[in-house]
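The values are calculated or read from the model by the stated rules, or taken from the named source; none is laboratory data. Please read these numbers as outputs of a predicted model, since none were measured by experiment. Positions of Cβ are backbone-derived with ideal geometry, glycine not excepted, and every protein chain shown enters the neighbour counts. Heads up: the accessible areas ignore ligands, DNA and RNA and are worked out on the full protein's heavy atoms, side chains in. Shrake-Rupley method; radii C 1.70, N 1.55, O 1.52, S 1.80 Å.
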Amino acid sequence: MLGLSDVASRIVQSTIRTMSVECERVGGVNLAQGVCDTPVPAVVREAAEAAIEAGFNQYTRADGIAPLREAIAKKLGQQNGISADPETEIVVTSGVTGGFDSACRALLNPGDEVLLFEPYYGYHYATLVGQYCRPVLVSLDPPDYPLAADRIVAAITPKTRGIVVNTPANPSGKVFSAAELEQIAEIARQHDLFLFTDEIYEHFVYDGQRHVSPASLPGIADRTVTISGFSKVFSITGWRVGYVHASARWIPAISYFHDLTYVCAPSALQYGAAAGLEHLPASFYADLISEYQRKREMICGALRQAGLEPSIPAGAYYVLADASVVPGADSVEKAMNLLHSTGVACVPGDAFFQGGRGDHLLRFCFAKTDSDLANACERLMKLRRASTVEQTTAQ
Ligand code: PLP
């Protein structure tokens, strides 16, 4: 009998998409999707255009073009404290998404358990499920989400094979401290686990905090698979360029599986990313932080005034807000009611939690142009002023 695979029959479509479709229908402001509306740095765009003109339009080596691997190795050394051999320890991937997918294929077996911190990023969860692995949640408590090492240890079974660390994290904005990462590293060593990192928001850290790459900690590099990329920092989510750094023991298999699905990251766009790494000055990254910190203040101020108490994110560009005042039995109903009453789309908390733990939460993305963000803030603030939600949704 024809039918879907076991895994496909359990697919649940992301509520992010549902919210975006409804937002478009009602002509609202979309703070649901994590798409940056900020401009692509000219040096990145121009290098990609020049590469197309110069004829770099064919498949590249499976692990990426040499100038990009070399630029990544230099960046890892200078910015992350990770020493990397560009010939044997780096694969350029189709974004962090392609990197995580390929690393899981290379290093995990069906039935393996992998620990994920909750709130989690949906793609981490779904990628593991899609590969017949079992995500096991370790919940962290708002508003600061401190690491609970005892919860990690309690979640470990003989089937546990890895831990995913997303720092700074989507959706909580948590930036794991060096001390917390040391504890995670120690547990990984003791229980012989892989550490998969997702550092896509590494440049988005606020209030003078510092991003720490887990692989830079002593004695952990061999079991750490460092994954990051350029989607967010260069505002090129549609280009699909990221990378994996890992021990030369693991890289050939990761590269093999990446090749099978994606063949390579887009050729000319790899040149664009390489130019960004080579030529953008330190001030570019500092300006990015000030700009996003300012946007964070805008959205958090508006949410607070609207009665949607935000957990102030230490990093990344999302904010989780308490939507208890918005009518609705769960976060999906609350998100829809908020969209219909204010015209602002967000993501229901259920997308990041299990067991109803996200029912009262909504996630707002603030990687928007100032005018879109100001428009959204204005609309949100009306919520409190007119206290209209109840009336509007009761109609
Ligand atoms: N990882 C996290 C935590 C994200 O939030 C996102 C995008 O929202 C991605 C990865 C996607 O990264 P990429 O575009 O490099 O695949």
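Is there a residue being open to solvent by 50 Å² or more (accessible area, probe 1.4 Å), on the phi < 0 side of the Ramachandran plot, of a type in the set (Val, Ile, Thr) and under 25 Å from the mean Cα position of the chain (by Cα) anywhere in the stretch 45-55? Before you say what the answer is, go through the steps one by one.
To start, the set of residues in the stretch 45-55 that are open to solvent by 50 Å² or more (accessible area, probe 1.4 Å) comprises 45-46, 49-50, 52-54.
Still in the running and on the phi < 0 side of the Ramachandran plot: 45-46, 49-50, 52-54.
In the following step, the residues that additionally are of a type in the set (Val, Ile, Thr) were identified as 52.
Those left that are additionally under 25 Å from the mean Cα position of the chain (by Cα): none.
Looking through the stretch 45-55, none of the residues is open to solvent by 50 Å² or more (accessible area, probe 1.4 Å), on the phi < 0 side of the Ramachandran plot, of a type in the set (Val, Ile, Thr) and under 25 Å from the mean Cα position of the chain (by Cα).
When you go through 357, 294, 363 one by one, which is the residue that is within 23 Å of the chain's Cα centre (by Cα), part of a strand (DSSP E or B) and not assigned by TED's automatic domain parsing to the domain that holds residue 168?
Working: 357 fails: part of a strand (DSSP E or B); 294 fails: part of a strand (DSSP E or B).
Unique residue meeting the criteria: 363.
Considering each of 83, 102 in turn, give the residue that is open to solvent by 40 Å² or more (accessible area, probe 1.4 Å), modelled with pLDDT of 95 or more and either within 15 Å of the ligand (Cβ to nearest atom) or hydroxyl-bearing (Ser, Thr, Tyr) (or both). Before the answer, list the steps.
Details: 102 fails: open to solvent by 40 Å² or more (accessible area, probe 1.4 Å).
None of the others qualify; the one that does is 83.
For the stretch 135-186, how many residues are under 19 Å from the mean Cα position of the chain (by Cα), among the hydroxyl-bearing types (Ser, Thr, Tyr) and assigned to a loop (DSSP other than H, G, I, E, B)?
Matching residues across the stretch 135-186 total 4.
Does residue 65 satisfy the condition of being away from the ligand (no atom under 16 Å from the Cβ), open to solvent by less than 20 Å² (accessible area, probe 1.4 Å) and under 23 Å from residue 211 (Cβ atoms)?
On the way: away from the ligand (no atom under 16 Å from the Cβ): yes; open to solvent by less than 20 Å² (accessible area, probe 1.4 Å): yes; under 23 Å from residue 211 (Cβ atoms): no.
No, not satisfied.
Residue under question is residue 125, and the condition is that it be open to solvent by 20 Å² or more (accessible area, probe 1.4 Å), free of Cβ contacts under 8 Å to residues at least 12 places away in the same chain and within 13 Å of the ligand (Cβ to nearest atom); does it hold? Show your work before the answer.
Numbers: open to solvent by 20 Å² or more (accessible area, probe 1.4 Å): yes; free of Cβ contacts under 8 Å to residues at least 12 places away in the same chain: yes; within 13 Å of the ligand (Cβ to nearest atom): yes.
So residue 125 passes the test.
One line per residue, one yes/no per condition, for (1) open to solvent by less than 40 Å² (accessible area, probe 1.4 Å); (2) in contact with a strand residue (DSSP E or B) (Cβ under 7 Å, 6 or more places away or on another chain); (3) in contact (Cβ under 8 Å) with a residue 24 or more places away in the chain; (4) of a type in the set (A, V, I, L, M, F, W, C):
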position	(1), (2), (3), (4)
252	no, no, no, no
256	no, no, yes, no
261	no, no, yes, no
283	no, no, no, no
288	yes, no, yes, yes
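Have a look at 97, 88 and point out the one that is within 16 Å of the ligand (Cβ to nearest atom), open to solvent by 40 Å² or more (accessible area, probe 1.4 Å) and at pLDDT 95 or above. Steps first, answer last, please.
Values: 88 fails: within 16 Å of the ligand (Cβ to nearest atom).
Sole residue among the options that is within 16 Å of the ligand (Cβ to nearest atom), open to solvent by 40 Å² or more (accessible area, probe 1.4 Å) and at pLDDT 95 or above: 97.
Go through (1) without any contact (Cβ under 8 Å) to a residue 12 or more places away in the chain; (2) within 16 Å of the ligand (Cβ to nearest atom) for residue 169 and report which single condition fails.
(1)
Conditions first: (1) touching an Asp or Glu at 6+ places or on another chain (Cβ under 6 Å); (2) of a type outside the set (Asp, Glu); (3) under 30 Å from residue 53 (Cα atoms); (4) away from the ligand (no atom under 16 Å from the Cβ). Residue 228 passes all but one, so which condition is the exception?
Result: residue 228 passes all but (4).
Okay, residues lined up against (1) in contact with a Pro (Cβ under 9 Å, 6 or more places away or on another chain); (2) surrounded by fewer than 24 Cβ atoms within 10 Å (Cβ to Cβ):
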{"site": "291", "(1), (2)": "no, yes"}
{"site": "295", "(1), (2)": "no, yes"}
{"site": "298", "(1), (2)": "no, yes"}
{"site": "306", "(1), (2)": "no, no"}
{"site": "313", "(1), (2)": "yes, no"}
{"site": "327", "(1), (2)": "no, yes"}
{"site": "333", "(1), (2)": "yes, yes"}
{"site": "338", "(1), (2)": "no, no"}
{"site": "346", "(1), (2)": "no, no"}
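Quick one: residue 196 ticks every box in (1) in a loop (DSSP other than H, G, I, E, B); (2) touching a residue at least 60 places away in the same chain (Cβ under 8 Å); (3) within 16 Å of the ligand (Cβ to nearest atom) bar one, so which box is it?
Among (1) in a loop (DSSP other than H, G, I, E, B); (2) touching a residue at least 60 places away in the same chain (Cβ under 8 Å); (3) within 16 Å of the ligand (Cβ to nearest atom), the lone unmet condition for residue 196 is (1).
Of the residues 134, 210, which single one is basic (Lys, Arg) and farther than 30 Å from residue 8 by Cα? Reasoning before the result, please.
Details: 134 fails: farther than 30 Å from residue 8 by Cα.
Every option except 210 fails the conditions.
Show the residue pairs meeting these rules: Cβ distance below 6 Å; 6+ apart or different chains; first residue within the stretch 37-59 and farther than 14 Å from residue 268 by Cβ; second residue among the β-branched types (Val, Ile, Thr) and assigned to a loop (DSSP other than H, G, I, E, B).
Close Cβ pairs satisfying both conditions: 37/369.
Could you list all residues from the stretch 252-288 that are within 18 Å of residue 55 (Cβ to Cβ), of a type outside the set (A, V, I, L, M, F, W, C) and in a helix (DSSP H, G or I)?
Result: 267, 270, 271, 272.
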